[in-house]
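The values are calculated or read from the model by the stated rules, or taken from the named source; none is laboratory data. It should be emphasised that the depicted structure is a prediction, and the values quoted were computed from it without experimental measurement. Reconstructed Cβ throughout: ideal geometry from the backbone, glycine too, with neighbour counts over all protein chains shown.
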Amino acid sequence: MLEIFQYDFMVRAFEAGIAIGIVAPLIGMFLVVRRYSLMADTLAHVSFAGVAIGLLLKINPIFSAIGLSVVAAFGIESLRNSRRIFGESVLALFLSGSLAVAVIILSLAKGFNANLFSYLFGSISTVSTGDLLVIIALAIIVFLDVVFLYKELFFTSFDPELAEASGLPVKVINLMMVMLAAVAVAISIRIVGVLLIGALMVIPVISAMQYGRGFRITLILSVVFSLVSVITGLFASYYFDLASGGAIVLVALIFFILSLIVAKK
Amino acid sequence: MQLEEPYIKLENVSFSYDSVPVIEDLTFTVRKGEYLGIIGPNGGGKTTLIKIILGLLHPTNGVITLFGKDRHDFKEKHRIGYVPQRITQADKNFPATVFEVVRTGRIARLGFFEKFTKKDIEVVEHAMEISGIARYRDTLIGNLSGGERQRVFIARALASEPDVLILDEPTVGVDIGAQKTFYDFLASLNRDHHLTIIFISHDIDAVSQETKTVLCLNHNLVCHGLPHDLLNEHILNRLYGRHSRIVSHNTNKKE
């Protein structure tokens, strides 16, 4: 066995990383094709505000991050449906708004320390056993939702109007989609970090899209890219003492560049 | 003469966008087996009318009966196949194959969490077959021409095994040569597959030559009946204003 796996924290990081590596592109795919890539970043910043609240109230930041981002997801969808603000502007509003909240809370709580850095860029040493259980349980829920509602999610992403004309509750499905995204983002920030989770949801997907295949195959490809990026990134993070989020996203970027070259017609 | 079963029935239907009336007091019936063309000027309410029938918009007034049921109680959405207008704008980069798109036509017949069955797949393949796109099964929709993509969306609508097919400006972005084959295809669906067709167009020539009945819509019903009785200068003036004229009415006529 490799020396790296003798450390329990590394094993936990890998287990959590694999769960995230599968779920992030699954959700990311639906966000990308809906031209909603910025959603992941927005939810990540909301999660960050959630983390700040958790640090302030001394509760597990994962729980406060999940709670706040699910609430925000609901708010984003409601505001978007009201059509009083452009969809993009809603995202900008939540993104910068929650960052402001996070910064204020953290400065009140005097929370600017190394701990904060790990939430921003991901850290392999911070996943506790409790975190791991939460991450895996929620990842399984998100995964099963996508598997069982695949045809509905595909249809509403492809053409919401046709989907509605076919009798699908498009608004409910959209809301669910955004909530799943909120959960996926919140469970990912330990490993990948607030500033980089958006990249893990989007880059493997756009890499996979370069190969010009159908939806299902593109989805599977994006999960493969993501998993390889996470695993390689975690190794690099351990051996070269790098922030895990940065290492993972850098590998994903390399895949993207290779895909651009390889898939060029 | 016994009348066929009424499929779609509108009684005194009105619709306004933010108190701007778009459709006023519209009453008509579409019966089984009809091939109805809806014409009228842009902004005359054609697309709005279709969206009302599909349940995407709700009328401000009036009663809509679909297959004998009030629209609120109408659940068999699969009985109406819809081919939307903006197919040519469909996202070219959307990663979906023809098969994946056509298969969405079955979703109206399936419940949540239900998987596609072998029968669903057979119907999808058959719909692709009769629409002439079976050979593009695994092609990305973004790689097809306007006319081919048009057929994908028709196959999608046919895959739900509908009783009524509604097409909104189906030939926009389709080249002239392909249009002729396309109209023949629609005619055969109506004749051989006993599909009731509602076909919106600004192309008066096409409507007058292809459809069995015509409905002229400019906020309210300007005319409804057989194409040859209706499409005279008087009605076109009411529909489009004074300077409209019937041009090349008999070119391209089918043998």
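Some observations on this one:
- Of the set (1) free of Cβ contacts under 8 Å to residues at least 24 places away in the same chain; (2) in a helix (DSSP H, G or I); (3) among the hydrophobic types (A, V, I, L, M, F, W, C), all apply to A:Leu99 but (1).
- Candidates in region A:94-118 are the residues that are at pLDDT below 85 and crowded, with 18+ Cβ neighbours inside 10 Å; of these, the one that is farthest from the chain's Cα centre (by Cα) is A:Leu106.
- B:Glu100 meets each of the listed conditions (1) in contact with a Leu (Cβ under 9 Å, 6 or more places away or on another chain); (2) at the interface with chain A (Cβ under 9 Å from one of its Cβ atoms) apart from (1).
- Within the span defined as region A:243-264, every residue fails to be polar (S, T, N, Q) and under 13 Å from the mean Cα position of the chain (by Cα).
- Filter result for B:Ile121 (in contact (Cβ under 8 Å) with a residue 12 or more places away in the chain, among the aliphatic types (A, V, I, L, M) and closer than 19 Å to B:Ile80 by Cα): no
- Residue check for B:Val164: over 29 Å from A:Thr218 (Cα atoms) and among the aliphatic types (A, V, I, L, M): yes
- Every pair of residues 6+ apart whose Cβ atoms lie under 7 Å, when the first sits in region B:106-118 and is facing chain A (nearest Cβ under 8 Å) while the second is small (Gly, Ala, Ser): B:Ile107/A:Ser166; B:Ala108/A:Ser166; B:Ala108/A:Gly167; B:Ala108/B:Ser160
- Matching residues, region B:182-208, being in a helix (DSSP H, G or I), more than 24 Å from B:Arg103 (Cβ to Cβ) and touching a helix residue (DSSP H, G or I) at 6+ places or on another chain (Cβ under 8 Å): B:Tyr183, B:Ala187, B:Ile204, B:Ala206, B:Val207, B:Ser208
- A:Phe148 meets each of the listed conditions (1) hydrophobic (A, V, I, L, M, F, W, C); (2) free of Cβ contacts under 8 Å to residues at least 24 places away in the same chain; (3) away from chain B (no Cβ under 14 Å) apart from (3).
- Unmet criterion (only one of (1) surrounded by 19 or more Cβ atoms within 10 Å (Cβ to Cβ); (2) more than 12 Å from every other protein chain (Cβ to nearest Cβ)) for B:Val63: (1)
- Filtered by the rule that a residue be among the acidic types (Asp, Glu), farther than 19 Å from A:Phe215 by Cβ and either in contact with a Pro (Cβ under 8 Å, 6 or more places away or on another chain) or not in a helix (DSSP H, G or I) (or both), region B:122-164 gives B:Glu161, B:Asp163.
- Count of region A:31-42 residues which are crowded, with 24+ Cβ neighbours inside 10 Å and within 13 Å of chain B (Cβ to nearest Cβ): 1
- Answer from B:Lys77, B:Lys92 - the residue that is within 12 Å of chain A (Cβ to nearest Cβ) and loosely packed, with under 15 Cβ neighbours inside 10 Å: B:Lys92
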